[in-house]
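Below is a structure I'd like to ask you about.
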Amino acid sequence: MALRTTSSIVLVALAVLGLDPSARAGAAKSGGAPDPDTQASVRAVSVDDRREQVRKTEVAFAKTMADRDHAGFVKFLDPEAIFVGPRRTFRGRQAVADGWKPLFEGAKAPFSWATEKVEIVESGTLALSSGPVLDPEGKRIGTFNSTWRQKSDGSWKIVLDIGCPDCDCGKKN
């Protein structure tokens, strides 16, 4: 009886702290300990809810380019952000901010992007967003792939970004 009561108290305590008791049980069954960095940030929010959070964050991030808002762009960057470009890789928030600053000059954005796909890891702390990159006339010129990390305050910051050119793989001569 005492063991059952103790187990109930532990489950209630985990719920109050916002931790997922099933993740702890799964980790114990697999022989590994849960990762305290990811467990502490897991809350009672579904994967679909987190997917929507990231989609909205990506939309707001893309809007900074359309609005020519470099300072707003920088606010989405994780301190460890890495942006991989065709000719150069920028490492760290400041390097990304400096490297992308010229893209915010001028009245019209040189490109835009739109989210097509968002996936979230089960812990809810990392996400992938992907979609088309468009030229000013709306023609697809590439695809972006971004990795987002949820911070302790619940916000999402971009950690990794890489684009690739559009592929004509399906077209036949």
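Read the figures in this text as sums done on the coordinates, not as results from a lab. The model shown is predicted, which means the values in this text are computed figures rather than measured ones. FYI the Cβ positions are ideal-geometry reconstructions off the backbone, even for glycines, and counts take in every protein chain you see.
How much net charge surrounds PHE144 when only the other residues with a Cβ under 13 Å from the Cβ of PHE144 are counted, with Lys and Arg +1 and Asp and Glu -1?
Values: positive: LYS117, ARG140; negative: GLU58, GLU116, ASP161, ASP166.
Residues near PHE144 contribute -2 overall.
Now, a different point. Work out the charge dipole of the range 47-165 with +1 on the Cβ of Lys and Arg and -1 on the Cβ of Asp and Glu about the Cα centre, then indicate which of TRP148, PRO102, MET65 is farthest towards its positive end.
Ranked along the dipole, the leading option is PRO102.
Rounded to two decimals, what is Rg over Rh for the range 47-165 when you use alpha-carbon atoms and the Kirkwood radius?
0.94
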